[in-house]
Structure formats: C-alpha cells, structure tokens
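Report on one structure; see the data block that follows.
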Amino acid sequence: MSNPVNLQVWDGAVNLRDLGGLPLEDGEVTVRGRVWRSGAPEPMTATGWAEAIDDGLTTVVDLRNPAEVKQAHDLMPDAGRPREVATHHTPTEDPGDPHFLETCGPWLDHPRSYAPNIAMYPHLFAGVFRAIADAPGPVLVHCAAGRDRTGMITALLLSLTGVEHQAIAQDYERAFRGTTHRGGGVAYDVERGAWVQHRGETWTARQLDERVGERRAALLEWLADLDPVAYLRYAGLDQARITSLRTLLR
C-alpha cells in the first residue's frame, strides 16, 4: 500500500495536507488538488492564501462551533483571507446538548465519538457534505486542530470514495501526529461538566504512540461498520450530491 505524506505548503497553514494520492480499493489513487484538510486557517498569511488560490482553492468548510470561531477571530483577526474564497460554517455538533456532552464529551479527541456523533446530528452532517458537494472548485475542510472533526468528515468522504481503510487510518494518524500535543483552547471538562479553557498538554513520544494506536483501532472499527452511502441518504442528501461526492477525488 502506498500512502504518501502528501504535505501541502501554504504559508502559515497548520496541519495541512492534500487528500490526493491515497490508494483506492480498485487499485487507483485519489486525485490531488481537489480537497485539503487542515487546522484552523487564521494563522495563514496573505501569501498563504495567495498560494491556496493559486492551487485552485474556492471554498472553506469550517466545522467549528460559533463560539470557537469568535474566539479564534478575537485572538487573530484573519485579515489575510481573500473575499473570493467562500467560507461555510457547518458545525458537526451542538456543544450545549446534554446528550451530546454525556455521550461524546469524554471522547471529543477520539474516534470513539464518531458513531454517536453522526447518529445524533444527521442534519448537521448533511450541511457539511452539501457544502462540499456544491463547491464550485477545490475545498479546504478544517476544524480547530485539524484532527478529529476534520478526521471524521474526511474519513466519511474517503470511505465513500473507496479509499482503503488502512490508508484512511494512516491519514488520520498523520493529522493526529501533526498536532504533537493536545492543543489549548475551549475543551469539555468531564468532571466539572462544563466547557473550560484548556492550556494544552504536551505528550511524550511513547504517550503519542499509545494514543495513536488506540485511536487507529477505534477508527478502523468504525469504518468497518460504516455504510457512507446509506448514512448520507439517511441524512437527507440527494443522489446527485452523493454521486458528486463519490467522484470528487476520482
């Protein structure tokens, strides 16, 4: 199995990677320059945005919640983002939903949250995939760190495309390792039952390997049980959009 690192360089971008070059089950590979994944793009410079536009970027799909977006913009105005790049705010969760917090709160940085998350909010996931399907050209999908919400969406897309499950897991691992630590910002404190400011947590190499191993296993288990076409139909996506998404990276 060939799964290149596929790093992309846009000045200031965090945890950025092109989803092209991943092996498909039919022996082909995904096409480059169609979909990128990353962490929050606020640190990108004007040069970085110009590089993204040169690469064809037309659309940004932001998976963060409104409070996260506001906090990020308060800390970094994001003045370099050009107007010709459309941004769609399509969160994948309701951070005030007690059921979500009870079920997914302990696993917000773990693929164990994926199955209950997509089950709770099919309408939100439909919004994400409509934004991707309706984009007039190449798309950037991101959350805050570019790890789990982004990983959940891109895993769904890659599974729909027919990418080998091990390659999807490897792509997730690279994104997880791309952060090297649990970043600071707003985080859910399970013991207090509240969203709090988190300063971040640096992991040793051994701790990182352990976290990667258990997350890869959970992701592969989720993928084995996932029928992406059936899920997107259940979420309300029409067949034309599903077909568009299935061929987007082909």
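Projecting the Cα atoms of 44, 116, 155 onto the charge dipole of the chain (Cβ charges, centred on the Cα centre) puts 44 farthest toward the positive pole.
Can you tell me how region 63-188 classifies by the Cα gyration tensor, rounded, prolate or oblate, using a/c under 1.5 as the rounded cut? Don't skip to the end; give the middle numbers.
Details: a/c = 1.29, a/b = 1.07, b/c = 1.21.
Here region 63-188 falls in the rounded category.
Packing order of peptides 168-175, 81-88, 222-229, highest average first: 168-175, 222-229, 81-88 (average count of other Cβ atoms within 10 Å over each peptide's residues). In the context of the full set of protein chains, region 108-160 has a per residue accessible area of 24 Å² (1.4 Å probe).
Counting only DSSP beta bridges whose two residues both lie in the chain, roughly 50 percent are antiparallel.
The accessible surface of the chain, taken with every protein chain in place and a 1.4 Å probe, is 52 percent carbon and sulfur. Residues within the reach of a label modelled at residue 47 (point 7 angstrom out along Cα to beta-carbon, backbone nitrogen below 17 Å), restricted to region 75-100, are 79-82.
In terms of overall dimensions, the chain has a Cα radius of gyration and Dmax of 17.0, 49 angstrom. Approximating the spin labels as points 7 Å out from Cα along Cα→Cβ, the residue 214-to-residue 78 distance works out to 3.3 nm.
The values are calculated or read from the model by the stated rules, or taken from the named source; none is laboratory data. Note that this is a predicted model, so its numbers are computed, not measured. In this analysis, Cβ positions are derived from the backbone assuming ideal geometry, glycine residues included, and neighbour counts consider all displayed protein chains. To get the accessible areas, we keep the full protein, side chains included, count just its heavy atoms, and leave off ligands, DNA and RNA. Shrake-Rupley method; radii C 1.70, N 1.55, O 1.52, S 1.80 Å.
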